[in-house]
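The block underneath contains the structure these notes are about, expressed in structure tokens.
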Amino acid sequence: MIEARNLVKNFHDKKRGEVRAVDGVSFTCQPGRIYGLLGANGAGKTTTLRMLATILEPSDGTAIVAGYDVMKEPEKVRRSVGFLSTATALYGRLSALEMVEYFGRLYGLDEATLHKRIDSIFARLEMNDFRDRRCDKLSTGMKQKVSIARTLVHDPSVMIFDEPTVGLDVMAARTIIGFIRECREHGKTVIFSTHVMSEVEKLCDNIGIIHNGKLLAEGALAALRERYHKQDLEDIFVEVVEP
Amino acid sequence: MSLRNIGIVYRKELTDSLRDRRTLVSMIVVPILLMPLLTIGMGVLSAKLIGKAQEEIPTVMIVGGEDSPVVHAALQKFDGVNIVPYSADYKDEISNKQLRAAVEIPAGFDAKLAAGEPMTVKIYMYEGEIKSGFAVQKLQKFFDDMRDAAVRNRLDARHLPESLIKPFDIKQENVAPPEKVSGALLGGFVPYFVILLSLTGAMYPAMDLTAGEKERGTIETILCSPVSRTHLVLGKFLLVLTASVVTALLSVSSMAVSFGVARRFLMSMSKKSDAEQILQITISVKSVMLVFFMVLPLAVLFSAALLAIALFAKSYKEAQSYISPLMIVVILPAVAAILPGTELNSKLALIPVLSTSLISKEIVSGTYHWNYIALIFLSSCVYAAVALTIAVKLFQREDVLFRT
């Protein structure tokens with residue numbers, strides 16, 4: 001479960017001065033459901049998700065993630081969260097196995113549990129052929145699998161995906177989309193940001209439209225269609241951000 | 001404080017760094033190759049050059065003295081120099097290194113010498129030029145001998161003893177133990193390299209572990225793991241420190257081996273006792289260990305400072321441009337300590353790098369000023385602690401970690 005409560009993030013920018021990247025965002029994501037955060041570039045999606053993952057600290061407001069307050073217990077939040085984005089790269093000089101082992105150990109898993117978990121994940125994702133190959137020698141698809149294994153190794157109850165398919169080819173993107181669905185099937189709470197309408201239509205149970213740091217509309221796709229009297233999500237999006 | 005997490009980060013960074021060619025080169029290859037190259041290479045080269053300069057018979061011109069055939073003939077016969085025919089532009093020739101020196105014989109030299117009249121022989125030379133200097137030494141010796149012979153003849157003629165003009169002899173004798181002599185010669189040199197290499201050894205891993213992570217996009221990956229930022233920076237710091245210490249250790253060991261080899265090599269190839277003396281190094285194990293101990297807080301200071309500076313950079317390249325000036329900041333005080341006459345005092349003892357360089361110079365030469373040693377060690381520890389605190393604090397700052 002994720003509960004964002006009036007999240008605010010201010011940045012200091014040399015040229016623009018004080019910038020409010022996220023401005024009072026509140027929403028709730030339920031377990032076993034996918035919440036899609038839809039917005040243009042610079043709308044505040046990444047900043048919101050980074051605050052949920054405790055990579056950034058909110059300037060105001062807070063969020064409860066997997067039962068822990070991001071302000072008070074950030075380390076416990078991180079233990080319960082799997083975070084994946086195109087910015088979360090792999091250590092090129094480590095092998096696929098070493099990469100997942102490293103994170104498993106940081107998540108506090110003991111060696112026996114860690115290796116049992118790794119064996120099962122590597123088998124499921126068909127990673128055993130390249131488990132000892134260095135990450136910088138892997139194809140994009142293989143790298144995606146290692147990243148997925150990295151986010152799954154501690155079996156988190158909450159999954160945060162920040163534009164996970166940006167820059168990926170069709171096949172690699174399909175792997176990720178399939179993985180996101182699988183997370184829902186396993187009853188995890190999933191939040192996922194994108195600016196690709198078709199991904200949202202395909203995947204999301206709930207949609208939040210974010211623009212200039214503010215959450216302007218929220219609801220299931222059907223509810224949004226009804227509210228704005230439009231079928232196409234793109235038309236709904238334009239209507240919301242430019243009324 | 002979870003030592004387990006710091007250990008996990010450290011082990012991972014160690015594996016990672018040992019697979020990075022740049023780190024390996026700066027940590028292992030440079031100290032192992034640089035030291036023999038510097039000591040053997042420079043030693044052999046300078047000994048060869050000096051030997052060659054000494055072997056050369058310098059060309060010398062005689063100016064004037066046509067009315068003194070005796071001194072002319074003696075100079076022509078003197079095999080220490082090669083007399084060339086007179087030409088009016090001898091001063092230019094000396095400046096252009098075509099001629100090593102010229103000697104001006106005053107008018108009526110032979111006659112005045114016989115009559116015991118005072119006069120001055122002038123030698124023209126190129127100040128600071130080594131070959132011209134050797135020519136002057138030889139001419140000086142020639143005229144000294146000639147003067148001594150004249151004095152002896154005059155005393156003999158008057159039946160007076162030689163001790164009349166030389167009532168006593170002066171003799172120099174070295175009482176400093178050999179390690180102090182070699183320490184004075186090499187005292188500044190050894191710590192200078194240890195300090196410099198402990199900096200260069202830390203440079204690449206520091207950049208790789210901070211700016212490198214930002215550039216490769218792994219910083220966000222590691223920040224979403226539950227490891228605290230303090231543990232993360234401490235694990236990274238320990239790795240940078242390891243690289244720094246290993247580099248310094250290897251450079252010292254490599255230097256010791258190179259000196260041993262260089263000495264044997266020089267002794268076998270040259271008869272010159274000078275070369276032998278220069279390389280007659282006796283630096284005790286105790287002093288090397290103590291130098292190392294003194295450099296340790298400096299290595300901590302370097303590692304933490306480099307981490308903090310490199311973390312600020314967005315990319316490897318930017319980090320390099322921040323860190324290059326730091327090299328000069330470190331080299332200047334380290335060089336200042338090598339300069340002759342720089343002596344330790346309580347004010348200098350508080351200047352990082354310079355103080356360590358100065359005290360190490362003393363330690364290498366076998367002088368142990370324990371008050372200063374304690375003061376410098378403690379002050380270096382304070383600087384190191386401050387630098388480490390800054391590095392840890394910087395790692396908590398979002399505007400530094402996500403600088404765009």
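Among the residues of region B:372-404, those that are of a type in the set (S, T, Y) and in a helix (DSSP H, G or I) comprise B:Y372, B:S379, B:S380, B:Y383, B:T389. Each residue in region A:127-155 was checked for being surrounded by 21 or more Cβ atoms within 10 Å (Cβ to Cβ), within 14 Å of chain B (Cβ to nearest Cβ) and under 27 Å from A:V65 (Cα atoms), and 10 of them qualify. Whenever a residue of region B:208-229 is at the interface with another protein chain (Cβ under 9 Å from one of its Cβ atoms) and within 19 Å of B:L388 (Cβ to Cβ), its partners that are among the polar types (S, T, N, Q) and open to solvent by less than 20 Å² (accessible area, probe 1.4 Å), lying with C-beta atoms within less than 6 angstrom and at least six residues away or across chains, give the pairs B:V227/B:N5. Restricting attention to region B:26-63, the residues being free of Cβ contacts under 8 Å to residues at least 12 places away in the same chain and closer than 30 Å to B:R216 by Cα number 1.
Within region B:162-196, restricting attention to residues that are surrounded by fewer than 17 Cβ atoms within 10 Å (Cβ to Cβ) and of a type in the set (K, R), the residue that is modelled with the lowest pLDDT is B:K166. Does A:I191 satisfy the condition of being farther than 22 Å from A:V241 by Cα and touching a Phe, Trp or Tyr at 6+ places or on another chain (Cβ under 8 Å)? So A:I191 fails the test. Taking B:E173 as the residue in question, decide whether it is among the charged types (D, E, K, R) and over 32 Å from the mean Cα position of the chain (by Cα). No. The one condition from (1) among the β-branched types (V, I, T); (2) in contact with a helix residue (DSSP H, G or I) (Cβ under 8 Å, 6 or more places away or on another chain); (3) modelled with pLDDT of 95 or more that A:I55 does not meet is (3).
Within region A:6-43, the set of residues being surrounded by 14 or more Cβ atoms within 10 Å (Cβ to Cβ), basic (K, R) and more than 14 Å from A:G208 (Cβ to Cβ) comprises A:K9, A:R20. Scanning region B:11-63 for residues that are exposed (fewer than 15 other Cβ atoms within 10 Å of the Cβ), hydrophobic (A, V, I, L, M, F, W, C) and over 30 Å from B:A88 (Cα atoms) gives B:L18, B:V25, B:V29, B:L33, B:L37, B:M42, B:L45, B:L49.
Among the residues of region B:237-252, is any within 14 Å of chain A (Cβ to nearest Cβ), crowded, with 20+ Cβ neighbours inside 10 Å and under 38 Å from the mean Cα position of the chain (by Cα)? Yes, region B:237-252 contains a residue that is within 14 Å of chain A (Cβ to nearest Cβ), crowded, with 20+ Cβ neighbours inside 10 Å and under 38 Å from the mean Cα position of the chain (by Cα). Annotation for region B:13-23: no member residue is within 37 Å of the chain's Cα centre (by Cα), more than 14 Å from chain A (Cβ to nearest Cβ) and not polar (S, T, N, Q).
Does A:G36 satisfy the condition of being on the phi > 0 side of the Ramachandran plot and either modelled with pLDDT under 90 or touching a Ser or Thr at 6+ places or on another chain (Cβ under 8 Å) (or both)? In short, no. Among the residues of region B:120-140, the ones that are in a loop (DSSP other than H, G, I, E, B) and either among the small types (G, A, S) or surrounded by 12 or more Cβ atoms within 10 Å (Cβ to Cβ) (or both) come to 4 in all.
Checking B:S87, B:S132, B:S95 one by one, the residue that is touching a residue at least 24 places away in the same chain (Cβ under 8 Å), more than 19 Å from B:Q54 (Cα to Cα) and under 32 Å from the mean Cα position of the chain (by Cα) is B:S95 and no other. Of the residues making up region B:353-398, those that are under 30 Å from B:E213 (Cβ atoms) and open to solvent by less than 20 Å² (accessible area, probe 1.4 Å) are B:V353, B:S380, B:A384, B:A387, B:A391, B:F395.
The values are calculated or read from the model by the stated rules, or taken from the named source; none is laboratory data. All of these numbers come straight from a predicted model, not from anything done at the bench. Glycine gets a Cβ as well: all are built from the backbone with ideal geometry, and neighbour counts include every protein chain shown. Areas reflect the complete protein model, heavy atoms only, side chains present, ligands, DNA and RNA absent. Shrake-Rupley method; radii C 1.70, N 1.55, O 1.52, S 1.80 Å.
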